[in-house]
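Inspection log for the structure reproduced underneath, given as structure tokens.
Derivation of every value follows stated rules applied to the coordinates shown; laboratory data play no part. From a predicted model like this one, the values you see are computed outputs, not experimental measurements. Neighbour counts are summed over all protein chains in view; Cβ atoms, including those assigned to glycine, are modelled from backbone coordinates with ideal geometry.
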């Protein structure tokens, strides 16, 4: 998947809590590469997701302010629990 590198900001689709199906920014912290060093076609990566929650996780998304998500795949249909490139306005 071209352009997928550590440090890129993408959107993650929340799969739980009151913010379910909302898109939240996430930073790619690791890309799972194939033996040739190329990122996989499904965009498999690790993310740190920034939610719309207070420090105690009680309001808005009602989730921790930052969530660690592992082995997340790309899905441009914006299915919950996946990531996609940020939409352009």
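In the range 21-40, the residues that are touching a residue at least 24 places away in the same chain (Cβ under 8 Å) and at positive phi form Cβ pairs under 9 Å with partners that are surrounded by 12 or more Cβ atoms within 10 Å (Cβ to Cβ) and assigned to a strand (DSSP E or B), at six or more places apart or across chains, as follows: 21/13.
Does the range 33-57 hold any residues that are in a loop (DSSP other than H, G, I, E, B) and exposed (fewer than 15 other Cβ atoms within 10 Å of the Cβ), and which are they? 33, 34, 35, 36, 37, 38, 41, 42, 54, 55, 56, listed by residue number. The residues in the range 5-20 that are in a loop (DSSP other than H, G, I, E, B), loosely packed, with under 14 Cβ neighbours inside 10 Å and in contact with a strand residue (DSSP E or B) (Cβ under 6 Å, 6 or more places away or on another chain) can be counted, and the count is 1.
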